[in-house]
Amino acid sequence: MAAKCFLFFLFITTQLWAENTIISYENGARINTPIPSFREKQSISAEEALSTGLFQQSIYEESQGFSEDAYWHKMTFPKQTSSNTEKTIYLSLNYYLIEHLDFYLFHGNQLKTHWKRGALDNWKNNTKHYEGIWIPISLSDEQNTTLLIRKQGNSPLLTPFILFNDTSAENKKEEQLIFWTFIISSLSILLAHNVFVFILLRQPGFVYYLALNVAIIIALSVITGFNRWIFSPDISQWVIRNLFTIFGTGAWILFRFSLHFLKEIQIPSPQSFIRKYGDVFFIAFLLLTQVSSVKTSALFFALIEVLMFLICTYWGIKAYRKGFLAVRFYLFSWFVLIIGSILNTLIFWKVLPINLFTESIFPVSSILQLLGFSFAFADKAKQFERSRKLQALTDPSTELPNRTYYYDTLPTLLPNMEQNTPQLALIMIDISNYQTLSQAFGPAKADSAICEAIKNIHKQILMMEGILTFPLPNKSIQKLIRITATNVVLISTTPDQIKQQISKIQQILDIPTLVNKIHFRHQYKIGSALYPSQGSDLDKLYQNALIANNSVTYSSGSWAVFTDNLKSNHAHQLGLITQLTEDIENEKLYFHIQPQVNLADRSIIGGEILVRWHNEHLGQVSPAEFIPLAEQTGLIYKLTDMLLEKVFQWAFEHPAALSTQRLSINISALDLLQKDFAIQVIEKLQNHHLSACKFTIEITETSIFQNNDIVHNNVRQLHHAGFKLAIDDFGVGYSSMQNLVALETDELKIDQFFVMNLLNDPQSQTLCRNMIDLCKALNIVSVAEGIESEEILQLLLQWQCQIGQGYHLYRPMSPSDYLKLLD
């Protein structure tokens, strides 16, 4: 910023010098009347031109435009009678684009001096140092003094002459050198500053801006006349010959700069005609400058200036309306540059006169536009920084505040909240059917459906009173924070009205969503916790709301309020998980066996392996409590692996257990979702030299297997190895008829829920008998669990159920007791 201020100060100072220059011109006499002139039809010498009588003032206006002919001007000064010494006056010309320019000084008919001052002429170093075009006219006191001026070139032959005396000429030269110095210094410092900025930012479009800096320095050097001050004569002459090529290149650079500057907001669009073919037009113009006259090139360049002004102004306004605020300085720079260029072109075409004001327009506008573009880049960098901050704090799909906002920004707002609202309530909404949506319609459409639901919730919340607003860096206001893909939170500032607020949210969530032309109703859970009584900081508050959210069972409703009891249960579960993890690592879990009986003759045909856990701190823990936790935390994989290893090792050490009997092993449905599960089981079996035909694999929750290649591949490999497959707890949970066939089931285990109620529940009798009949029809072994009385057993026998297990037959027992039973 300090550099920007310095550059701005430098510009103001430069402008003041321009004003001083204008003021100092008052000491010079500008020649505004037509000068006697004539057009050269054939090459003549200066002496011949002096003696000709063809000079006419009416020709002067014609001599100021484009022409292929040479023109002569004649300025006559009477002899000096006031003194015997010669008096010298100075003629200055501030137009530096005339290609060939000769000055001839005559005293009477005698040629005194000849100067070459054309842009393409060799000045022969007949000046001590370059100061511009200055012609010292020594006036004779004996004869009239005549100055002949011959000019020829492809550019307009503009000759705004000014006469100075000795003192005013020296002052004017000094002021002009200082003015040039400030122009060069301003542009050089600005260029150096921008090079440094480019090194820091590394923005591709900035390269075009640096190139534009260089192009403007070259153009200004020619227009203001300091080109011979900074370049060699050969380079200066090359620049003059290719002036409109340089102008066209500068316009092309400016075009490319505009495309890059506005690239991030897709202006113009990537498919637009001008983006695709704009470069072609500039290449065509550059080729045109090499084969056409200067007048034609100037005409086309003027057209390009107008078109670029209109197009880029349109782009800038369109970008500003899209919220790209950095374009303000871009538009300002464009306006200043184009106005300066157009006015300079009007001078070139003689529409505007050359005077002190018009001479300063282009240098000042050039410095202004470079400063403006520099500010535009800085503004753009700031806006992108704000955009990056906004992106870091918002969810891209819904533009809502995200998890980072909740943990990093929201805590800074809490102190102000507490002053106005002593108690708040965090409401957490979890849309829990994302997995089902993904399986049914694919992840992309599932994401879209979840986003739509979240947006609908937010629309409802925006209309509700008593909900905390969350300000974002872009000045927008939101009322919902998206923590995860399916989890959002809001904060109620009126906890006493939370029931009504949640009721309105539930109404929105209960509206079916249309996915693939199918109306789909979301499943969701809502949990809430109070601040600060149930969470002194946002992390604790979120944790407690999550505990409440996870306690929702659907049967009791979709909303749960955090309580200390929930916290105790949650803490108990965490303790269970910790102890379970350690005991699985140390292989402290063991198994019991519940014998399975052939109901026809009461013979033991095998046993079901049942995992058991006794912890030194917790005591005996029920499988119904720790197995779901193991599945939720991913411990189930290690648990299954440990159980298989223990069972296979025991069977290897006690072959009598498998001599005529089989063992059934329960595994989690999640195990079959592992790619190499079957291979690992078969390898363990082979390591212990056991036969797979002596084992049955029991699984539950088979609905997740539908159309799953990994599961079916594991099942095929287990069948091929000789394992039997049983569907456990059939009739409840997620078992399905389709998977009964698709998984090539060998056994079907009727859940004890139906078996234990056979004597009292006619529906259980109907379902149980139908399942046994289904097994007979499909040639599947039927197994009844939970036989607890002789009456139930006889009823199952009557329906021809094949195998049974339960407390009436045998209770689960240790492996050693099972061996004794077999003996």
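The values are calculated or read from the model by the stated rules, or taken from the named source; none is laboratory data. These numbers were taken from a predicted model, which means no experiment stands behind them. A quick note on method: Cβ atoms are made from the backbone with ideal geometry, for glycine too, and the neighbour counts reach across all protein chains shown. Surface accessibility is based on the protein's heavy atoms, side chains included, excluding ligands, DNA and RNA. Shrake-Rupley method; radii C 1.70, N 1.55, O 1.52, S 1.80 Å.
Note on the stretch 548-581: residues that are more than 21 Å from residue 621 (Cβ to Cβ) and open to solvent by less than 70 Å² (accessible area, probe 1.4 Å) amount to 8. Residues satisfying the criterion are absent from the stretch 645-666 (criterion: in contact with a Leu (Cβ under 9 Å, 6 or more places away or on another chain), more than 24 Å from residue 814 (Cβ to Cβ) and among the β-branched types (Val, Ile, Thr)). Filter the stretch 472-482 for residues that are in contact with a strand residue (DSSP E or B) (Cβ under 6 Å, 6 or more places away or on another chain) and in contact (Cβ under 8 Å) with a residue 40 or more places away in the chain and give the result. 478, 480, 481, 482 - these are the residues of the stretch 472-482 that are in contact with a strand residue (DSSP E or B) (Cβ under 6 Å, 6 or more places away or on another chain) and in contact (Cβ under 8 Å) with a residue 40 or more places away in the chain. If you go through the stretch 473-495 and keep only what is surrounded by fewer than 18 Cβ atoms within 10 Å (Cβ to Cβ), within 11 Å of residue 400 (Cα to Cα) and not polar (S, T, N, Q), you end up with just 477.
If you go through the stretch 250-259 and keep only what is free of Cβ contacts under 8 Å to residues at least 40 places away in the same chain and open to solvent by 50 Å² or more (accessible area, probe 1.4 Å), you end up with just 252. Residue-level analysis places residue 148 among those that are within 20 Å of residue 60 (Cα to Cα) and in contact with a Leu (Cβ under 7 Å, 6 or more places away or on another chain). Taken over the stretch 681-705, the residue count meeting the criterion of being surrounded by fewer than 17 Cβ atoms within 10 Å (Cβ to Cβ) and modelled with pLDDT of 90 or more is 8. Of the residues making up the stretch 602-611, none is small (Gly, Ala, Ser), under 25 Å from residue 500 (Cα atoms), in contact (Cβ under 8 Å) with a residue 24 or more places away in the chain and crowded, with 18+ Cβ neighbours inside 10 Å. The test for being more than 19 Å from residue 66 (Cα to Cα), in contact (Cβ under 8 Å) with a residue 12 or more places away in the chain and surrounded by 19 or more Cβ atoms within 10 Å (Cβ to Cβ) holds for residue 262.
In the condition set (1) without any contact (Cβ under 8 Å) to a residue 12 or more places away in the chain; (2) surrounded by 14 or more Cβ atoms within 10 Å (Cβ to Cβ); (3) closer than 27 Å to residue 175 by Cβ, residue 129 is compliant with all but (2). Only one of the numbered conditions (1) among the hydrophobic types (A, V, I, L, M, F, W, C); (2) in contact with a helix residue (DSSP H, G or I) (Cβ under 7 Å, 6 or more places away or on another chain); (3) in a helix (DSSP H, G or I) is violated by residue 541, and that is (2).
In the stretch 660-674, the condition of being basic (Lys, Arg), over 44 Å from the mean Cα position of the chain (by Cα) and farther than 30 Å from residue 709 by Cβ is met by no residue. Selection within the stretch 304-350: residues that are more than 30 Å from residue 64 (Cβ to Cβ) and among the polar types (S, T, N, Q). The member of this set that is most open to solvent (accessible area, probe 1.4 Å) is 313.
Those residues that are closer than 14 Å to residue 819 by Cα, surrounded by fewer than 17 Cβ atoms within 10 Å (Cβ to Cβ) and not acidic (Asp, Glu), I need them from the stretch 643-659; list them, please.
Taking the stretch 643-659 as the starting set, the residues that turn out to be closer than 14 Å to residue 819 by Cα are 647, 650-659.
Those still in the list that are surrounded by fewer than 17 Cβ atoms within 10 Å (Cβ to Cβ) too: 652-656, 659.
Passing the criteria: 652, 654, 655, 656, 659.
Inspect the stretch 349-357 for any residue being assigned to a helix (DSSP H, G or I), of a type outside the set (Ser, Thr, Tyr) and within 41 Å of the chain's Cα centre (by Cα) and give the result as yes or no. Within the stretch 349-357 (the criterion being assigned to a helix (DSSP H, G or I), of a type outside the set (Ser, Thr, Tyr) and within 41 Å of the chain's Cα centre (by Cα)), the answer is no, since none of the residues qualifies. Between 54, 50, 111, the distinction of being closer than 30 Å to residue 236 by Cβ and either part of a strand (DSSP E or B) or of a type in the set (A, V, I, L, M) (or both) belongs to 111 only. Look at (1) over 26 Å from the mean Cα position of the chain (by Cα); (2) farther than 25 Å from residue 186 by Cβ; (3) surrounded by 14 or more Cβ atoms within 10 Å (Cβ to Cβ); (4) not hydroxyl-bearing (Ser, Thr, Tyr) and you find that residue 234 fails only one, number (3). Restricting attention to the stretch 149-190, the residues that are among the aliphatic types (A, V, I, L, M) and surrounded by fewer than 18 Cβ atoms within 10 Å (Cβ to Cβ) add up to 4.
Within the stretch 619-642, the set of residues being aliphatic (A, V, I, L, M) and surrounded by 16 or more Cβ atoms within 10 Å (Cβ to Cβ) comprises 621, 627, 629, 630, 635, 636, 639, 642. In the set 485, 529, 453, only one residue is at pLDDT 85 or above, small (Gly, Ala, Ser) and closer than 25 Å to residue 388 by Cα; that residue is 485. Pairing residues of the stretch 281-304 that are in a helix (DSSP H, G or I) and of a type in the set (Val, Ile, Thr) with residues that are at pLDDT below 85 and open to solvent by 30 Å² or more (accessible area, probe 1.4 Å), at Cβ distances under 7 Å and at least 6 apart in sequence or on separate chains, gives 294/154.
Identify, from the list 106, 66, the residue that is aromatic (Phe, Trp, Tyr) and open to solvent by 20 Å² or more (accessible area, probe 1.4 Å).
Details: 106 fails: open to solvent by 20 Å² or more (accessible area, probe 1.4 Å).
Step by step, each of 106, 66 is checked, and only 66 is aromatic (Phe, Trp, Tyr) and open to solvent by 20 Å² or more (accessible area, probe 1.4 Å).
From the list 79, 124, the one residue that fits, being without any contact (Cβ under 8 Å) to a residue 12 or more places away in the chain, in a loop (DSSP other than H, G, I, E, B), farther than 18 Å from residue 223 by Cα and over 60 Å from the mean Cα position of the chain (by Cα), is 124.
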